[in-house]
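The values are calculated or read from the model by the stated rules, or taken from the named source; none is laboratory data. As the structure is a prediction and not an experimental result, all values here were calculated from the model. Note that we place each Cβ from the backbone using ideal geometry, even for glycine, and neighbour counts take in every protein chain shown.
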Amino acid sequence: MNYRTLGRTGLRVSELGFGALEIGRNWPYWRKELPDFSRPTESEAIRVLDMAVDLGINFFDTAPAYFKSEEILGKALKRKRNSVLIATKCGEWFDGERSVYDYSAAETLKFIESSLRLLQTDHIDLLQIHSASPDVVRSGETLAAMKKAKTDGKVRFLGISTDQVEAARLAIGSGEYDSIQVSYNILQQEFSHEIFPLAEKEKVGVIIKGGLGAGQLTSKFTDIAENKKREQIASLKHLADENETSIQEIALRFALSHPTVSTVIAGTKNPAHLKSNCESSLRGVLDKSLMEQLSLFLHPE
């Protein structure tokens, strides 16, 4: 496994992070009618987590919104706590049927205490605002509670997770956040144009979610209903075949090829997929010509 520094935190994180959504919550949402819409048993999940550690992954990303994820991580990693980094979130949780949101200071402190208990740890390495909107970042109420937890020694570093460019811009500009977690892949490149340069300038760590398009940049692409997106991914599949690789590998390595990126989170409940993802990351960045071709993929003109 290769490691990179997470912005100004100084933390050395595995360039492939483990996304713990699928081990705690039924997923993927667009395959509800298919057999793989389920989470693994606790023993199966712990087996995958043990394998991740053995493969050199040291960065684990979870959230209260991932249902049983924090609890399972706590059981699996408590004896390995000194060798792993745990990132979790606040502001959103899952009640078994739907997500519920509360970004108030009081609720944020409750999130933190619950996460510490479930994770069986006395500190959170990175606490992130989940699904952060520009208004939540502007308010500062969630941040104030997070900073209190940091002062109390319960949290080491602060960040946000967002799909909104403006929220990321505000977070970086505030100087209060150590990292941003954003969606970035071949079919979703908007954050790389403005936000990545800002993050690099301010030494804010960049964590990538959705590097595999929530599973769409894999063999499951045929499930996608939108004709345009299916055509785009079919073209990527052809390009991957020409380069004697898989669409999944080319997607992971595309995300890892951006120099500002610290780690790419890839979630899985399948040991074979986990091993394959790690092997892909070790093949390094894509060559310059292929990277340029993929960077222009959405706007070939």
- Task: Select from the range 166-185 the residues that are under 16 Å from the mean Cα position of the chain (by Cα) and of a type outside the set (Ser, Thr, Tyr) and write down the one among them that is modelled with the lowest pLDDT.
- Result: Asn185
- Task: Mind counting the residues in the range 244-289 that are modelled with pLDDT of 90 or more, hydrophobic (A, V, I, L, M, F, W, C) and assigned to a helix (DSSP H, G or I)?
- Result: 10
- Among the residues of the range 199-216 satisfying the criterion of being surrounded by 18 or more Cβ atoms within 10 Å (Cβ to Cβ) and either at pLDDT below 80 or more than 17 Å from the chain's Cα centre (by Cα) (or both), which is nearest to Arg253 (Cα to Cα)? Gly213
- Query: Can you pull out the residues in the range 161-216 that are assigned to a loop (DSSP other than H, G, I, E, B) and over 30 Å from Arg230 (Cα atoms)?
  - Reply: Gly175, Glu176, Tyr177, Asp178, Lys203, Val204
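Do we have any residue at all in the range 144-155 that's within 17 Å of the chain's Cα centre (by Cα) and within 25 Å of Leu109 (Cα to Cα)?
no
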- Condition test on Ala240, is it surrounded by 14 or more Cβ atoms within 10 Å (Cβ to Cβ), under 22 Å from the mean Cα position of the chain (by Cα), of a type in the set (Gly, Ala, Ser) and more than 19 Å from Ser262 (Cβ to Cβ)? no
- Note on the structure: Exactly one of Glu44, Glu70, Glu113, Glu22 is buried (at least 18 other Cβ atoms within 10 Å of the Cβ), acidic (Asp, Glu) and outside any loop (DSSP other than H, G, I, E, B), and that residue is Glu70
- Task: Inspect the range 90-99 for any residue being of a type in the set (S, T, N, Q) and in contact with a Ser or Thr (Cβ under 9 Å, 6 or more places away or on another chain) and give the result as yes or no.
- Result: yes
- the range 190-218, subset among the basic types (Lys, Arg) and touching a Gly at 6+ places or on another chain (Cβ under 8 Å), residue nearest to Leu16 (Cα to Cα): Lys209
- Task: Pairs only if they're at least six apart or on different chains, beta carbon under 6 angstrom, first in the range 269-282 and farther than 13 Å from Ala52 by Cβ, second surrounded by 14 or more Cβ atoms within 10 Å (Cβ to Cβ); list them, first residue then second.
- Result: Ser280/Glu249; Ser280/Leu252
- Query: Looking at (1) more than 30 Å from Leu236 (Cβ to Cβ); (2) at pLDDT 95 or above; (3) out of contact with any Phe, Trp or Tyr (no Cβ under 7 Å at 6 or more places or on another chain), which is the one condition that is false for Arg98?
  - Reply: (2)
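How many of the residues in the range 126-169 are over 16 Å from Thr88 (Cα atoms) and surrounded by fewer than 21 Cβ atoms within 10 Å (Cβ to Cβ)? Reasoning before the result, please.
First, pick out the residues of the range 126-169 that are over 16 Å from Thr88 (Cα atoms): 133-141, 144, 148, 151-152, 163-169.
Pick out the ones that are also surrounded by fewer than 21 Cβ atoms within 10 Å (Cβ to Cβ) and you get 133-135, 138-141, 144, 148, 151-152, 163-166, 169.
So the answer is 16.
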- Go through the range 137-155 and give me each residue that's basic (Lys, Arg) and not in a helix (DSSP H, G or I). Lys154
- Listed residues Leu252, Leu187; which is over 27 Å from Leu170 (Cβ atoms) and aliphatic (A, V, I, L, M)? Leu252
